[in-house]
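Working notes, structure below.
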Amino acid sequence: MGARIVIISASVGAGHDGVAGELRRRLRKHGFRVEQLDFLDLLPGVLGRALRTGYALELAIAPRTWELLYTALDRHRKLAAVAAKLANLAKRRMLAAIGPDCVAVVSTYPLASQVLGGLRLGGELPVPVASFLCDMSVHQLWVSAGVDAHLTMHKIAADQAQALRAPGIVVTAPAVSPGFGPVRCADESIQARQRFGLPRHVKLALVLAGSWGVGAVEQAALDLAASGLVVPVVVCGRNTRLRRRLSQRRIGIALGWVDDMPALLRAADIVVHNAGGLSCMEALAADIPVLTYRCIPGHGQTNVAALDHSGLAAHANDVVELHQLVGAAMRDEYAALQRSAASALWSAPDPADVIVELAGNPSRPTRGLRDGLEPRR
């Protein structure tokens, strides 16, 4: 049996867990035993479940309050420090779960990174810690002085992490499953449409809003349909109410939870995203034009700003601009720019390789890694 690595994620949506699952798969290929933990399960009592429920309700019912909280935590160090101290309620269970036989710990959730960084600084955790920053923008809570390596997916995120004085910054490729890739022939797209019951001879805009289906998704679908250029296909995830409303109002095509996203992406002509999360990176891996529109507050807005600045995804500020960008995408007018920007993502190092290097050099984890902000070739 190989050495053991622990990955700590969090079941808030599916993005953090998706990244953790792909890192787990890659590290197992390197011969490691990998255990994935949910940070929310490490909190005492019902606190983890309450945190998940409260966050979901806030995004769905009072998104403005999430934006205010997100901004306040990012701008005020003392407030962020309070959040980190509350996260320390998971410390005892976290240490017990990591155990004495672990050679490295990986975090894909900012509160977990805060706890792990504190344990490293306090000398309670003797093994190196890597934090994979799942967002294109870097919130203050993503950065911990005690974490040995901060893995970012782009130089824009690396620059933001550097401004927050994050140690051990390494630009790596996104942790996207190899199942996501460009359509190889027309038959693949046809078969994918048949599988999901989608029309064959129209342009389809895949609307993605995370596993919870939060945000102004219904209005985004209406705005896309009004363009007359595409039929919106809305992935509602676990939001059954959203799917029911869309179906009742006959707004595009509403899908529920989708287990095979690589296949669904092969059916689409364009992706419209509202948060810039993992599924945005998956669409880029599939070489599909990506637009962002009616973004959710907080991390959604900061992520799409970074995506727009990088050239990875064009952002529509209003319905007029949305229709213009959809038309440009249908004419293949900005595909070359997006492909050029995306090529830099995939030419960066594999994050699993960086974690393996970290695990193999526990005595010099931070400075032993490349602190430069440029991807290694």
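The values are calculated or read from the model by the stated rules, or taken from the named source; none is laboratory data. This structure is a prediction, so every number in the text was calculated from the model and none was measured. Neighbour counts are summed over all protein chains in view; Cβ atoms, including those assigned to glycine, are modelled from backbone coordinates with ideal geometry.
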Query raised in the report: Which members of segment 155-172 meet the condition of being more than 16 Å from the chain's Cα centre (by Cα) and assigned to a loop (DSSP other than H, G, I, E, B)?
Result: L164, R165, A166, P167, G168
**Report entry** Number of positions in segment 308-329 that are touching a residue at least 24 places away in the same chain (Cβ under 8 Å), farther than 17 Å from A220 by Cβ and either basic (K, R) or part of a helix (DSSP H, G or I) (or both)
**Finding:** 2
Query raised in the report: When the residues of segment 141-161 are filtered to those that are surrounded by fewer than 24 Cβ atoms within 10 Å (Cβ to Cβ) and in contact with an Asp or Glu (Cβ under 9 Å, 6 or more places away or on another chain), which remaining residue is farthest from G13 (Cα to Cα)?
Result: K155
Requested in this report: Would you check if G298 is farther than 18 Å from A328 by Cβ, touching a Phe, Trp or Tyr at 6+ places or on another chain (Cβ under 6 Å), buried (at least 20 other Cβ atoms within 10 Å of the Cβ) and modelled with pLDDT under 90?
Outcome: yes
Report task. Spot the failing condition for D135; the list is (1) of a type in the set (D, E, K, R); (2) outside any loop (DSSP other than H, G, I, E, B); (3) buried (at least 19 other Cβ atoms within 10 Å of the Cβ), and only one is missed. Result -> (2)
Report task. Say whether the condition of being touching a strand residue (DSSP E or B) at 6+ places or on another chain (Cβ under 8 Å) and not assigned by TED's automatic domain parsing to the domain that holds G213 is met by at least one residue in segment 43-66. Result -> yes
Query raised in the report: So which residues in segment 279-307 are part of a loop (DSSP other than H, G, I, E, B) and among the small types (G, A, S), if there are any at all?
Result: A286, G298
Query raised in the report: How many residues, within segment 98-116, are among the small types (G, A, S), under 24 Å from G45 (Cβ atoms) and under 25 Å from the mean Cα position of the chain (by Cα)?
Result: 3
Query raised in the report: Would a scan of segment 242-265 turn up a residue that is hydroxyl-bearing (S, T, Y) and under 30 Å from G168 (Cα atoms)?
Result: no
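Here's the yes/no breakdown for (1) modelled with pLDDT under 50; (2) surrounded by fewer than 17 Cβ atoms within 10 Å (Cβ to Cβ):
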{"position": "L345", "(1), (2)": "no, no"}
{"position": "D350", "(1), (2)": "no, yes"}
{"position": "I355", "(1), (2)": "no, no"}
{"position": "L358", "(1), (2)": "no, no"}
{"position": "D371", "(1), (2)": "yes, yes"}
{"position": "E374", "(1), (2)": "yes, yes"}
{"position": "R377", "(1), (2)": "yes, yes"}
Requested in this report: Go through A305, A283 for me and flag whichever is in contact with a strand residue (DSSP E or B) (Cβ under 8 Å, 6 or more places away or on another chain), in the same structural domain as W212 (by TED's automatic domain parsing), closer than 21 Å to V230 by Cα and touching a residue at least 40 places away in the same chain (Cβ under 8 Å).
Outcome: A283
